[in-house]
Amino acid sequence: IIKLSYISPLNTNEHEIRLVRAASEEVSCHVETANLDLSPSHKALSYEWGAENGPEREVILDSGRVSVRENLWWALYYLRD
């Protein structure tokens, strides 16, 4: 698991959440902070989705590569911008 240490803490007073936006053929994503009070458009997925020892695929998350379970990879693939 990759630790995203460059991301600032969420402001709980502003009801913020983290969103991952998927784009491109290779499944490339970036993390952004969003305020729930502004009703950001998003889909919720679990990074744990899929069989525990099942196949994995790589996604680009900001500037690094992260292994995710294949079910999550396909969901991100179909949700790309």
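Structure above, values below:
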| item | result |
| --- | --- |
| Kirkwood hydrodynamic radius (C-alpha pairs) into Stokes-Einstein, segment 28-69, 10 °C and 1.306 mPa s, D in µm²/s | 129 µm²/s |
| Point-to-point label distance, Trp74-Ser28, nm (Cα→Cβ direction, 7 Å offset) | 2.5 nm |
| His15 accessible area, 1.4 Å probe, all protein chains in place, Å² to nearest 10 | 90 Å² |
| Approximate spin-label separation Arg18-Glu58, in nm, with each point projected 7 Å along Cα-to-Cβ | 2.1 nm |
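The values are calculated or read from the model by the stated rules, or taken from the named source; none is laboratory data. Keep in mind that what you see is a predicted model, and the values were worked out from it rather than measured. Because the Cβ atoms are built from the backbone with ideal geometry, glycine has one as well, and the counts that use them run over all protein chains shown. To get the accessible areas, we keep the full protein, side chains included, count just its heavy atoms, and leave off ligands, DNA and RNA. Shrake-Rupley method; radii C 1.70, N 1.55, O 1.52, S 1.80 Å.
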